[in-house]
1. Quick check on residue B:66: is it more than 12 Å from chain A (Cβ to nearest Cβ) and within 16 Å of the chain's Cα centre (by Cα)?
2. Return the total of residues in the range B:463-480 being farther than 19 Å from residue B:249 by Cα, at the interface with chain A (Cβ under 9 Å from one of its Cβ atoms) and in contact (Cβ under 8 Å) with a residue 40 or more places away in the chain.
3. Is it the case that residue B:12 is modelled with pLDDT under 90 and crowded, with 19+ Cβ neighbours inside 10 Å?
4. Out of all the residues in the range B:86-95, which are assigned to a helix (DSSP H, G or I) and either farther than 16 Å from residue B:13 by Cβ or touching a strand residue (DSSP E or B) at 6+ places or on another chain (Cβ under 8 Å) (or both)?
5. Quick one: which of B:245, B:187 is surrounded by fewer than 24 Cβ atoms within 10 Å (Cβ to Cβ), over 20 Å from the mean Cα position of the chain (by Cα) and more than 17 Å from residue B:291 (Cα to Cα)?
6. Among the residues of the range B:133-143, is any within 14 Å of chain A (Cβ to nearest Cβ), surrounded by 24 or more Cβ atoms within 10 Å (Cβ to Cβ) and not in a helix (DSSP H, G or I)?
7. Looking at residue B:424 and the list (1) away from chain A (no Cβ under 14 Å); (2) more than 29 Å from residue B:79 (Cα to Cα); (3) surrounded by fewer than 12 Cβ atoms within 10 Å (Cβ to Cβ), which single condition is not satisfied?
8. Would you confirm, using the coordinates I've provided, whether residue B:399 is over 30 Å from residue B:269 (Cβ atoms) and more than 14 Å from chain A (Cβ to nearest Cβ)?
């Protein structure tokens, strides 16, 4: 249970980071922190029913003590997607900062409003 | 051939690979793909509903559901995609554009069929990734910024969605929508944050005006015609099941506020394409105000006439340096394009005999009293904000090629067809009501002039902050009810 509460806390720390940070790269890293919190939440979910690896084996005495494989299986997809979004956004940030020579969100936004 | 909905996902993916291999024939391949997609969707209408699982070996497979609502939306997607592709043939798009649009088509088709919470997340994220790339296609600085802003807003919202479905899984041990029984309030709020941010509702998706107005013409049409429907359709899908029904009044309220505020912003806006973007915000309010078939029909109609508006207006302003409406007014537009633009405008304003009138009246029948007043104000605002497009002048060209205007003509056919069939089934009172609303709208357009309204909600930090305000308000709403 404590891992679930901690992971929701990490998610909200990441979310507050996306609001408060003015630097574009730090903003994206905060999104990464948020994603990590969600992944931890799913991992915590799968360990609620047990701690053994979810492989059915005749030698295993206590069949009830298996971890739930479904959240682990699905969250792999989310990790990959998070990686793709992060790398992709860094490419666009690189292009944007080389043209505007700033990473400050406020300044970039101000310039786009004027033009 | 037996109709199978999974072809709708497989064939665009195969075509996307083929486009990368045969780069020189990408235009031909993309046209073939769009036509094949329309054919496959039409075949689906011949048989009943499809309800099946993929890789269902411990009864934990992915649930896919194709019912009548889904078929209507799939038909809309295929029509819009075909006409956008045909319209893009006369321009110099390279194979990257066609590759991204193929993947986009596959993932949107998949997202409409998905009936599994996690599968919805995956396909929405895939569609969003292609949307980021399409928005930044020409790599102008402002396009990059629009794409990046959307990326940050969207990935934060989807993380909320993921947290919400995690909580749902903890209670139900399944992601299958048809098997959900227990729903804690907090998970409903988180799921709705994720989906509303995708569906083009005022306050929740403030990425929309910049992205829609700065993207290329075809991309704007794809975004407004197809992409905002992904989130909206998932919301209607979820609200239709019993466990989610407590959230219906909340969504209806937000939708009506959005439909009014969208028109206010559109009315005061000077930049041509931004007027249409704000109008999308307002029309999505109409779509999400209920969960009945009328709302699905309005989603269909909005996809058709809004992509037609974006194509015709976008083609006209494409080579202009200044983006203000006044500059477009000085320019003359070819006859056929101007005519289709006017038909699309009649559609969106709800003039009888055109498609918008039918669905707007049907949505209106479903609403309670306060909702009716709100949507009537929004309808007046729509007329007032878009009436100026009717004053565009026509330029006479001796010979207009049908080939260059085929995209417009396909969409126009459906605006007129749905409108003509539907209008004969409506009451006289509906026709009178819509005519009165249009007259009021013209009156508002002639009398009032609005200056610039503060765009404070569109700043990135504020748009992110709105998410948390929505979470708090949503929780308060659920505890009060």
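1. Details: more than 12 Å from chain A (Cβ to nearest Cβ): yes; within 16 Å of the chain's Cα centre (by Cα): no.
No: the conditions fail for residue B:66.
2. Within the range B:463-480, residues that are farther than 19 Å from residue B:249 by Cα, at the interface with chain A (Cβ under 9 Å from one of its Cβ atoms) and in contact (Cβ under 8 Å) with a residue 40 or more places away in the chain number 1.
3. Working: modelled with pLDDT under 90: no; crowded, with 19+ Cβ neighbours inside 10 Å: yes.
So residue B:12 does not fit the description; no.
4. Within the range B:86-95, the subset assigned to a helix (DSSP H, G or I) is B:86-88, B:95.
B:86, B:87, B:88 - these are the residues of the range B:86-95 that are assigned to a helix (DSSP H, G or I) and either farther than 16 Å from residue B:13 by Cβ or touching a strand residue (DSSP E or B) at 6+ places or on another chain (Cβ under 8 Å) (or both).
5. Details: B:245 fails: more than 17 Å from residue B:291 (Cα to Cα).
Just a single option satisfies the conditions, and that option is B:187.
6. Within the range B:133-143, one or more residues are within 14 Å of chain A (Cβ to nearest Cβ), surrounded by 24 or more Cβ atoms within 10 Å (Cβ to Cβ) and not in a helix (DSSP H, G or I).
7. (2)
8. On the way: over 30 Å from residue B:269 (Cβ atoms): yes; more than 14 Å from chain A (Cβ to nearest Cβ): yes.
It is true that residue B:399 is over 30 Å from residue B:269 (Cβ atoms) and more than 14 Å from chain A (Cβ to nearest Cβ).
The values are calculated or read from the model by the stated rules, or taken from the named source; none is laboratory data. Note that the coordinates shown come from a computational prediction; the quantities given were computed from them, not determined experimentally. Neighbour counts are summed over all protein chains in view; Cβ atoms, including those assigned to glycine, are modelled from backbone coordinates with ideal geometry.
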